[in-house]
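Every number here is computed from the coordinates shown, using simple stated rules; none is lab data. Please read these numbers as outputs of a predicted model, since none were measured by experiment. Glycine gets a Cβ as well: all are built from the backbone with ideal geometry, and neighbour counts include every protein chain shown.
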Amino acid sequence: MSEIPSAIHELIARGALFVVNHSGGKDSQAMYLLLRDLVPREQLVIVHADLGAVEWAGAIGHILATTDGERFFTCHARRTLLQMIEERGMFPSPEQRQCTSDLKRGPIERTIRGITRERQALGIKAWGLVVNCMGMRAQESPKRKKLTPLKFSARNSKAGREWHEWLPIHAMLETEVFENIKAAGQKPHPVYALGMRRFSCVFCIMASEEDLKTAARLATEHPELLNDPHLYRKYVGLERSTGQVMLMPTKKNGRRSLEEVTGVAA
Ligand code: SF4
């Protein structure tokens, strides 16, 4: 794990608001723990983009149980992921990741702008100074490895705001994530102990085959882990009605439906 950049210490001293983008997953949890020890409590807020039916049950409860009562916001997209797929007649692609921008980034940024307006109305001096913190790690993929851990966001630095994007655990390894959670006397969400490697959407367009197999098995054997017990059947149904498949075809395996990938009949 690398050192905290000096620019972050300066932003803390200037009174910046640090926003924890919290999915309920292990990386968000480890990131929160780091920020909790670094940033004064009054400068820390947590925002969860609630994905509703497509995320694991108990995500919000897990966040609340593993944080210390900081201000907590949830936000929603204007339409759900399943509606998005139905309306567009196709699944989001890993390249464009329209799901991430529509379901997470957009609603979270709107929420942050709302918080800054509230801070301005309260007369807080550094009302527009924002550090938006996300839990991407270099180890996750070559694409994530190339991300810049701390950067100024010109796109969001408008109307009196100065907005920075920070990946506090970019250098953290997966083993360290679990170790840090354990060291804090916490556990990650229960789906990790049941074999999942990633959190957020139960069936993610970016998921590994192993995670999709585990998710399909858990969805059929443990419907109580889902917000929608019929979720797997709905994804399979969308593949049939759109004539598309959720996973991008690969050179090795070609084009395969969710049922073919997971071996679980809907
Ligand atoms: S978890 Fe996966 S499917 Fe869900 S919004 Fe993120 S990239 Fe898209």
Which ³J(HN,Hα) values, rounded to whole Hz and listed in residue order, are derived for the range 83-92 from phi using the Karplus coefficients 6.51, -1.76 and 1.60 in 6.51 cos²θ - 1.76 cosθ + 1.60 with θ = phi - 60°, glycine and proline given as x? 5, 4, 5, 5, 5, 7, x, 7, 7, x
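Take the Cα gyration tensor of the range 188-262, multiply each eigenvalue by 5, square-root it, and list the three semi-axes largest first, rounded to whole angstrom.
The answer is 21, 15, 9 Å, longest axis first.
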Can you pull the one-decimal nm distance between simple spin-label points at H76 and K213, each 7 Å off the Cα toward Cβ? 3.6
Return the long-range amide H neighbours of L226 (sequence gap of 5 or more, or a different chain), with a cut-off of under 5 Å between placed amide H atoms. A57
Radius, Kirkwood style, for the range 67-172 when every pair of distinct Cα atoms is counted (Å): 15.8
Quick one: Cα centre-to-centre distance for the range 1-22 and the range 170-227, in angstrom? 27
For the range 26-97, the Cα-Cα pair-distance distribution in 5 Å bins from 0, as whole percents, is 3, 13, 21, 20, 14, 12, 10, 5, 2, 0
Placing +1 at every Lys and Arg Cβ and -1 at every Asp and Glu Cβ, with all other atoms neutral, what dipole size does the chain have around its Cα centre, in debye to the nearest 20? 780
Where the convex hull is taken over the Cα atoms of the chain, what is its projected area averaged over directions, in nm²? 14.4
Taking amide H atoms as placed 1.01 Å from N in the peptide plane, list the residues 5 or more away in sequence, or in a different chain, whose amide H sits under 5 Å from that of W163. V130, S153, S157
Taking the chain as the reference, fit the longest principal axis to its C-alpha atoms, fit the long axis of helix 174-183 to the helix C-alpha atoms, and give the angle between the two in degrees, 0 to 90, nearest 10. 60
